[in-house]
Every structure is written in structure tokens, then in C-alpha cells.
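**Q** Sharing a structure here in C-alpha cells format.
Bear in mind these aren't lab numbers, they're just calculated from the coordinates by the rules spelled out. Everything numeric in this text was worked out from a predicted model, so none of it was measured. Every residue, glycine among them, receives a Cβ derived from its backbone with ideal geometry; neighbour counts consider all protein chains shown.
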Amino acid sequence: TAYLKDIKCSVLAVGGNTDIIVTADAVKPLMDLIGSEDKTFKVVPGGHMGVVSGSQAPTTVWPEVSTWLATRSE
């Protein structure tokens, strides 16, 4: 069994501002349950899968994810 409180690594969660399957409002409360001290939640343009594969993703979401990862990489 996995528990969110046991997650200790850095976490980036994104919620799409037009996602009707898993809304950003549904994702945000999960952040309080994650045990990591380094956790980030961002609302980004797009729907459910559009946040990573939509036409806007390469210019809006991917750069944010890249920056987030770069600041945590050696």
C-alpha cells in the first residue's frame, strides 16, 4: 500500500485550467497530503491530456516543467 505522506521526493503537480475530468480544484488538496517538503502545484493552460500534449504545451507548460526540473538537478 502506498501513502501520499510517505512521498519524500520533490513533487510537481499540474492541473489543466480547462480539465473537466480531473479539475485543478480536485488536484490541489492532494498536495497537502504529500509528505515532501518540496512540492509545487501549478495551474496550466489545457485540458486533461492537453497539458502535456496540446498545441500550447510546448510554449506554456514544457518550459515551466523544464525550469522546475533544472532547479532540482545537479
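**Q** Jot down the radius of gyration and Dmax of the chain, Cα atoms only, both in angstrom.
**A** Reported Rg and Dmax, both Å: 13.0, 37.
**Q** What is the set of long-range amide H partners of LYS39 at a cut-off below 5 Å, with H atoms built 1.01 Å from backbone N?
**A** It is VAL11, by chain and number.
**Q** Right, next: Determine the gain in length on full extension of the stretch VAL52-VAL65; use 0.36 nm per residue of separation and subtract their C-alpha separation, reporting nm with one decimal.
**A** On the way: separation 13, 0.36 × 13 = 4.68 nm, distance 1.00 nm.
My answer for the length gained is 3.7 nm.
**Q** Apply the Karplus curve 6.51 cos²θ - 1.76 cosθ + 1.60, θ = phi - 60°, to the phi angles in region 38-49 and return the couplings in whole Hz, x for Gly and Pro.
**A** Couplings: 9, 9, 10, 10, 10, 8, 10, x, x, x, 4, 8 Hz.
**Q** How far apart, in nm, are the 7 Å Cα→Cβ label points at ILE7 and THR23?
**A** 2.1
**Q** In the chain, what chymotrypsin sites (Phe, Trp or Tyr not before Pro) fall in a loop by DSSP, with at most 14 other Cβ atoms inside 10 Å? Write out the running numbers ahead of the final one.
**A** Values: sites: TYR3, PHE41, TRP68; in loops: TYR3.
For chymotrypsin sites (Phe, Trp or Tyr not before Pro) across the chain that sit outside H, G, I, E and B with at most 14 neighbouring Cβ atoms in 10 Å, the list reads TYR3.
**Q** What's the angle, to the nearest 10 degrees (0 to 90), between helix 57-70's Cα axis and the longest principal axis of the chain?
**A** The angle comes out near 30 degrees.
**Q** Now for a separate question. Summing Lys, Arg as +1 and Asp, Glu as -1, what charge do residues with Cβ under 14 Å from the Cβ of ASN17 carry, ASN17 excluded? The partial results should precede the final answer.
**A** Numbers: positive: LYS28, LYS42; negative: ASP19, ASP25, GLU64.
Spelling it out: positives minus negatives among the neighbours equals -1.
**Q** For every other residue with a beta carbon closer than 12 angstrom to the beta carbon of THR71, add +1 if it is Lys or Arg and -1 if Asp or Glu, then tell me the sum.
**A** Details: positive: ARG72; negative: ASP38, GLU64, GLU74.
In short, -2.
**Q** Could you work out [θ]222 nm for the chain from helices alone, using -39500 (n - 2.57) per DSSP H run of at least four and dividing by all its residues? Round to the nearest 500 deg cm²/dmol. Walk me through the numbers before you get to the answer.
**A** Details: 3 runs with 26 residues, N = 74.
One gets -10000 deg cm²/dmol as the mean residue ellipticity at 222 nm.
**Q** Could you give the longest part of the chain that holds none of the trypsin sites (Lys or Arg not before Pro) found in DSSP loops with at most 13 neighbouring Cβ atoms within 10 Å?
**A** On the way: sites that count: LYS8, ARG72.
My reading of the result: 9-71 is the longest stretch.
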